[in-house]
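The values are calculated or read from the model by the stated rules, or taken from the named source; none is laboratory data. Owing to the predicted nature of the structure, the values given are computational and were not obtained by experimental measurement. Cβ: placed from backbone, ideal geometry, glycine included. Neighbour counts: every protein chain shown.
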Amino acid sequence: MARGVAAAALALVTACPSSPTSHFYALSATPPTGARHAAAPSAPVHVAAVHIPPSLDRRQMVRMTGPNSVQISETDRWSAPLDEMLGNVLAEDLVARLPEGEVLFPRSPAPSGARALVVTVAEFGPGADGNVRLTGSWSLLASGSRAPVAREESFAIDAGPAASAAEIAAAMSRALGELADRIAATL
């Protein structure tokens with residue numbers, strides 16, 4: 001009887017399909033398109049928050065497949081929460097573009113007088129046409145205030161076509177680098 005149960009259990013285990021292998025991706029900093037900005041901001045810039053829409057707030061990669069439909073991959077995943085990765089990579093990109101010591105990373109203590117950079121992402125990733133797009137807004141807030149000292153109320157960055165998950169991560173990284181170029185030029 002025990003042999004029969006063991007054989008049945010073995011048959012059941014071998015009959016179950018294996019789960020597909022997950023692949024993990026990360027965003028990375030990109031070099032600036034121009035020279036490092038020489039003029040120092042009046043106070044350090046703290047990358048305080050990056051807000052992403054709930055549809056992107058997940059570990060799985062999301063692709064738009066139509067105006068009202070998305071594909072959520074079960075095998076292509078982010079190596080960390082996307083909003084945290086966006087904040088850290090944007091800070092790395094800004095470090096490469098602004099004078100040394102002028103950028104503070106998310107979750108780092110902000111000294112008195114530091115200005116807060118808040119980015120709100122509306123869309124980020126490949127659209128139905130396969131092109132990666134980053135849209136949203138950003139504001140630089142005065143120290144201890146909600147009053148913006150600089151802002152871009154609506155930006156749209158097209159990073160070009162990307163088919164594979166690795167190409168999507170690379171294009172998204174380029175889009176963040178371009179956003180950092182725009183923020184640094186404004187500061």
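Considering each of Gln71, Gln60 in turn, give the residue that is within 13 Å of the chain's Cα centre (by Cα), surrounded by fewer than 18 Cβ atoms within 10 Å (Cβ to Cβ) and without any contact (Cβ under 8 Å) to a residue 60 or more places away in the chain. Steps first, answer last, please.
Details: Gln71 fails: within 13 Å of the chain's Cα centre (by Cα).
Testing whether each residue is within 13 Å of the chain's Cα centre (by Cα), surrounded by fewer than 18 Cβ atoms within 10 Å (Cβ to Cβ) and without any contact (Cβ under 8 Å) to a residue 60 or more places away in the chain leaves just Gln60.
Return yes or no: is Leu98 of a type outside the set (Phe, Trp, Tyr), in contact with a Leu (Cβ under 9 Å, 6 or more places away or on another chain), at pLDDT 95 or above and under 16 Å from Ala180 (Cα atoms)?
Taking the combined requirement at face value, the residue does not satisfy it.
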### Query
Val89 passes all but one of (1) under 16 Å from Ser173 (Cβ atoms); (2) loosely packed, with under 13 Cβ neighbours inside 10 Å; which number fails?
(2)
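Name the residues in the stretch 138-187 that are part of a strand (DSSP E or B), out of contact with any helix residue (DSSP H, G or I) (no Cβ under 9 Å at 6 or more places or on another chain) and loosely packed, with under 15 Cβ neighbours inside 10 Å, would you? Break it down into steps so the answer makes sense when it comes.
Residues of the stretch 138-187 that are part of a strand (DSSP E or B), as a first pass: 138-141, 148-161.
Retained after the next criterion (residues that are out of contact with any helix residue (DSSP H, G or I) (no Cβ under 9 Å at 6 or more places or on another chain)): 139, 141, 148-149, 153-154, 156.
Residues satisfying the conditions are Glu153, Ser154, Ala156.
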### Task
Quickly run through the stretch 85-95 and pick out the residues that are out of contact with any helix residue (DSSP H, G or I) (no Cβ under 7 Å at 6 or more places or on another chain) and within 13 Å of Asp181 (Cα to Cα).
Ala91, Glu92, Val95
### Query
Which numbered condition trips up Thr135, out of (1) surrounded by fewer than 16 Cβ atoms within 10 Å (Cβ to Cβ); (2) farther than 18 Å from Asp57 by Cα?
(2)
### Summary
Scanning the stretch 103-137 for residues that are farther than 30 Å from Thr65 by Cβ, touching a Pro at 6+ places or on another chain (Cβ under 9 Å) and not in a strand (DSSP E or B) gives Ala110, Pro111, Gly113, Ala114
#### Entry: Failed item in (1) of a type outside the set (D, E, K, R); (2) in contact with an Asp or Glu (Cβ under 6 Å, 6 or more places away or on another chain); (3) closer than 30 Å to Ser19 by Cα, with Leu86 passing the rest
(2)
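Tell me yes or no: at least one residue of the stretch 98-106 is of a type in the set (Val, Ile, Thr), touching a Gly at 6+ places or on another chain (Cβ under 9 Å) and buried (at least 20 other Cβ atoms within 10 Å of the Cβ).
Narrowing the stretch 98-106 to residues of a type in the set (Val, Ile, Thr): 103.
Narrowing the set further to residues that are touching a Gly at 6+ places or on another chain (Cβ under 9 Å) leaves none.
No: zero hits.
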